[in-house]
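Down below is the structure, laid out as structure tokens.
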Amino acid sequence: MLKKLCFLLVLTFTSCGIFNVKIPQPKTEFRGVWVATVVNIDWPKSGFDALEKQKSDYLDILDFYSDLNFNAVIVQIRTAGDAFYPSNCAPWSRFLTGKEGTSPKSNYDPLPWMIKEAHLRGMEFHAWLNPYRATFDDKIEVLSETHDYNLHPDWMIKYGKKYYYNPGLPQVQEHLVSIMDEVVSNYDIDAVHFDDYFYPYKITGEVFNDSVAFATHALPQQTLDDWRRSNVDSLVKNIHSSIKEKKPWVQFGISPFGVWKNKSTDPKGSDTKAGQTTYEDLYADPLTWMKNGWIDYLVPQVYWSMDLPVASHRKIMAWWANNTANTNLYMGNGAYKIRNNTDKAWKRKKELPHQLLLARNTDKVQGNVLFSAKSLQGNNTDVVRYLKRKYYRHIALPPVSPLADNQSLGKVRVLNAEENTEHFKFRVEKSEEETKRYVLVYAAKKMKKLSSENSQQIVAKIKITKENSFSVAKDKLKGKKHIALTFIDRFGRESDSIVLHLDQIHSYDTKR
């Protein structure tokens, strides 16, 4: 109720400049960006670029969004039956190495480095994989001999100018689960992420020819549409189970097409006129996934402007907020449309900020993800400045998954601290299960003002080393003498705080 009241008070000032009002910034809010690698949309700029250039370009993306206080990157590591890491299930991607099946020089695996660099900046790394798209086009001559198109042609269905894995084949489902399991088992990722490509978007005059699989595997009396949805449901369920069995802290998130159903075909649908829907055309049913607890978060791709008549961002967000349960809900925003779309609303500097404000003031919505990285990096600098000043001035924590248990981290002991001209260095006790991932540093000039509930006092989010130590740069403290330390575990849960006075920090032990 208070959240809604604050929003109404802000709206009261619309006539005299809504965005001159100081906007409260939450302590917990998902702030993510999609980093698309297919056809080198965001990164790398070319598969033929030298390794050092690819690394530099990736760090530029991280630094740009870290400076905006984003807390997650969703990086595409499987685009179309390929891989951005050494895999037993797929060839190296040509979008990374220039030629499919060719490994990077010196057999270098970039993924651990990419994850590490994100973590060093306090950002989660969500591994974005496209499960069903087998090729990006019909140029099969560019495919590796080890691509599934060549190894398992019976798994493939051509539709339009692309090939797709047949979701109705049990062996395809097993293969896709193995791919996800390989990534989860071998890499320190924070989440597995799927986008909106399940069954392909429909093409007029084309038939997705899965009739043999339907005749073989459908249940008696099951319709083709229900059978297709059950195939997607099975994949989602099995991947969720596989992830949680191996690493229960790794989340599973999906970003479906923004419209579940139009109200014209189902009274429970949204007041929209979308040409295709996620339920009826892509055969994906997020409501079932949520009901059964198969996902940790949902990011509907609501890429339209606030009041577009056929698909209003405002109306669609409200629909998802009213129909979400058992999962975190974030909004997917089409930042790529800023000054790059026939809808004139996107010419306005404040179209995206309006959407972010609405999300922040809508119950159930816990953050946003922008598509895609290059939309703001190096572009629309006035929008970037505005976002930094009004929305993202302070660090925020990603929400904890609703599927995580409620076990408390308790209090973590600081064993000792050292000081030099540039840093304070702390060492913390080692626990039986090394769950401490980050430390949050809160700072204030006066002890009575210091509070770990106040996100505006967070001056740093720092990765804890394998030696259970971390350093706080003095320039982050800016003369503040009192700090509080809390610890974030691999589930994203925050510990109780430890309060320290920096003038009395030498040989400090919180056991005292």
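If only residues of the range 426-456 that are assigned to a helix (DSSP H, G or I) and closer than 20 Å to MET123 by Cα are counted, the one that is least open to solvent (accessible area, probe 1.4 Å) is SER455. Just one of (1) modelled with pLDDT under 90; (2) open to solvent by 70 Å² or more (accessible area, probe 1.4 Å); (3) part of a loop (DSSP other than H, G, I, E, B) fails for GLU418. It is (3). For ALA404, the conditions (1) under 29 Å from ASN328 (Cβ atoms); (2) assigned to a strand (DSSP E or B); (3) small (Gly, Ala, Ser) are fulfilled apart from (2). Is it the case that LYS315 is touching a residue at least 40 places away in the same chain (Cβ under 8 Å) and among the basic types (Lys, Arg)? Taking the combined requirement at face value, the residue satisfies it. Taking the range 461-493 as the range and being aliphatic (A, V, I, L, M) and either farther than 30 Å from PRO402 by Cα or without any contact (Cβ under 8 Å) to a residue 60 or more places away in the chain (or both) as the test, the residues that pass are ILE464, VAL472, ALA473, LEU477, ILE483, ALA484.
Highlighted here are the helices (runs of 4 or more DSSP H) found entirely within the range 185-300 that include at least 2 residues which are surrounded by 14 or more Cβ atoms within 10 Å (Cβ to Cβ), aliphatic (A, V, I, L, M) and at pLDDT 95 or above: 224-246, 286-291.
Within the range 306-318, the presence of a residue that is of a type in the set (Lys, Arg), modelled with pLDDT of 95 or more and over 20 Å from ASP271 (Cα atoms) is excluded.
Tallying residues that are open to solvent by less than 10 Å² (accessible area, probe 1.4 Å) and not in a loop (DSSP other than H, G, I, E, B) within the range 161-181 yields 5. Using the structure shown, decide if ILE338 is surrounded by 14 or more Cβ atoms within 10 Å (Cβ to Cβ), closer than 20 Å to SER305 by Cα and either among the aliphatic types (A, V, I, L, M) or at pLDDT 95 or above (or both). In short, yes. Among the residues of the range 406-413, some residue qualifies, meaning at least one is open to solvent by less than 30 Å² (accessible area, probe 1.4 Å), at pLDDT below 90 and within 31 Å of the chain's Cα centre (by Cα). Taken over the range 33-59, the criterion of being open to solvent by 20 Å² or more (accessible area, probe 1.4 Å) and not in a helix (DSSP H, G or I) is satisfied by ILE41, LYS45, SER46, PHE48, ASP49, ALA50. Candidates are the residues of the range 457-469 that are open to solvent by less than 20 Å² (accessible area, probe 1.4 Å) and assigned to a loop (DSSP other than H, G, I, E, B); the one that is farthest from GLY479 (Cα to Cα) is ASN468. For the range 93-134, the tally of residues that are at pLDDT 95 or above and either closer than 24 Å to ILE395 by Cβ or open to solvent by 30 Å² or more (accessible area, probe 1.4 Å) (or both) stands at 23.
When the range 151-160 is filtered for residues that are assigned to a helix (DSSP H, G or I) and of a type in the set (Val, Ile, Thr), nothing remains. Looking at GLN355, GLN377, GLN366, which is the one that is open to solvent by less than 10 Å² (accessible area, probe 1.4 Å), polar (S, T, N, Q) and at pLDDT 95 or above? Result: GLN355 is the single residue among GLN355, GLN377, GLN366 that is open to solvent by less than 10 Å² (accessible area, probe 1.4 Å), polar (S, T, N, Q) and at pLDDT 95 or above. Can you tell me how many residues in the range 470-481 are open to solvent by 20 Å² or more (accessible area, probe 1.4 Å) and over 28 Å from the mean Cα position of the chain (by Cα)? Adding up the residues that qualify gives 7.
The values are calculated or read from the model by the stated rules, or taken from the named source; none is laboratory data. Since we're looking at a predicted model, the values are computed, not measured. Neighbour counts run over all protein chains shown; Cβ positions are idealised from the backbone, glycine included. Accessible surface is based on the protein model in full, side chains and every heavy atom, while ligands, DNA and RNA are left aside. Shrake-Rupley method; radii C 1.70, N 1.55, O 1.52, S 1.80 Å.
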